[in-house]
1. Those residues that are assigned to a helix (DSSP H, G or I) and open to solvent by 20 Å² or more (accessible area, probe 1.4 Å), I need them from the range 128-138; list them, please.
2. Which of (1) modelled with pLDDT of 95 or more; (2) more than 30 Å from Arg87 (Cα to Cα); (3) out of contact with any strand residue (DSSP E or B) (no Cβ under 9 Å at 6 or more places or on another chain) does Arg148 not meet, given it meets every other one?
3. When you go through (1) touching a Lys or Arg at 6+ places or on another chain (Cβ under 7 Å); (2) at pLDDT below 95 one by one for Ala232, which number turns out not to apply?
4. For Val121, state whether it is closer than 20 Å to Val22 by Cβ, buried (at least 23 other Cβ atoms within 10 Å of the Cβ), touching a helix residue (DSSP H, G or I) at 6+ places or on another chain (Cβ under 6 Å) and β-branched (Val, Ile, Thr).
5. Taking the residues in the range 285-296 that are loosely packed, with under 14 Cβ neighbours inside 10 Å and of a type outside the set (Gly, Ala, Ser) as candidates, determine which candidate is farthest from Ala238 (Cα to Cα).
6. Please determine, by comparing only the residues of the range 169-193 that are part of a helix (DSSP H, G or I) and aromatic (Phe, Trp, Tyr), which one is surrounded by the most Cβ atoms within 10 Å (Cβ to Cβ).
7. I'm trying to understand the selection: among the residues of the range 240-284, which are exposed (fewer than 15 other Cβ atoms within 10 Å of the Cβ) and within 18 Å of Gly92 (Cα to Cα)?
8. If we keep just the residues of the range 48-86 that are touching a helix residue (DSSP H, G or I) at 6+ places or on another chain (Cβ under 6 Å) and farther than 17 Å from Gly112 by Cβ, which is surrounded by the most Cβ atoms within 10 Å (Cβ to Cβ)?
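The values are calculated or read from the model by the stated rules, or taken from the named source; none is laboratory data. This one's a predicted model, so the numbers in the text were calculated from it and none came from an experiment. Neighbour counts run over all protein chains shown; Cβ positions are idealised from the backbone, glycine included. Each accessible area value is taken on the protein alone, full model and side chains, heavy atoms only, with ligands, DNA and RNA left out. Shrake-Rupley method; radii C 1.70, N 1.55, O 1.52, S 1.80 Å.
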Amino acid sequence: MSEPSARRALRPPAGYRLAASVRPLTFSTYDPCARIAAGTFWWAARTPAGPATLALRPAAAGELLAEGYGPGADWVVERADAVAGLRDDLTGFAERAAAHPVVARLAARHPGLRMPATGQVFARVLRAILEQKVTGTEAYRAYAATVRHFGEPAPGPMQPLLLPPDPAAVAAAPYWVFHPFGVEQKRADTLRRAAAEAGRLERCADAAEATRRLTAVPGIGAWTAAEVVRIAYGDPDAVSVGDYHVPNTVAWSLAGEPRGDDARMLALLEPFRGHRGRVCVLLAAEGVQAPRYGPRMPIRSFARY
């Protein structure tokens, strides 16, 4: 087994929950780029210093051990506390949460949940674009196939862990490369355009600048930008406007209304401004769902068309 090139001990707050905090960084149990195995979180990244893998595992005395592998080991270990959600700023949330009984209860039930901030934009852009307007199953199939097509083995002992695709390779790929993965031309073209802008996107100073640059890319709207900045920057206020389920979930949870549109969702979340995305994260952690009516969206495969 290869030895880590860098190591660091972190001290999370009492009650911190590693798996719950980093789970948004994984796309199902079988994510080729990130996974939780035997209590350890493994995360592959293309850092400014080169490819790297970060391992986060609970250690003695309540510590969290961060270990880095590969040329970018120092980079991922230095950022390990952010990836684990330990830089998450909850200032002002307790007071806002106390004003609504449901949010107060969720905050009390999930006190160890923190929002990660990876500092990696394009890896999340890739997933978010492939999630546009399709079912979760379709999105995961396209994501996994894309990563495996472009991916390279990640450093370290956790195999088969793959690096996220190189943006330059994605930008240079013609549309037809993505078609067998179930990705129609609209999303493929959006992904290629975003890949061409990856260098600028990675240099954004904060979530606001990243949102502006992302939404300037044709095919990327408010939903995709929010999905990206909530993970890449740990933005606790990012709300996924345009989502199929989230407005209904918010309306049902906060007002007892089985259906809601984006305007209603934003109105209900307004008292939590600064932490509106955090409320949505808590609802997801609790598994809250609005009542379902009608048939479910069918699972399709564009590869057959």
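1. Gly136, Thr137
2. With respect to (1) modelled with pLDDT of 95 or more; (2) more than 30 Å from Arg87 (Cα to Cα); (3) out of contact with any strand residue (DSSP E or B) (no Cβ under 9 Å at 6 or more places or on another chain), Arg148 is out only on (3).
3. (2)
4. So Val121 passes the test.
5. Applying the filter and picking the extreme gives Pro295.
6. Selected residue: Phe181.
7. Correct list: Glu270, Arg273, Gly274.
8. Out of the qualifying residues, it is Leu54.
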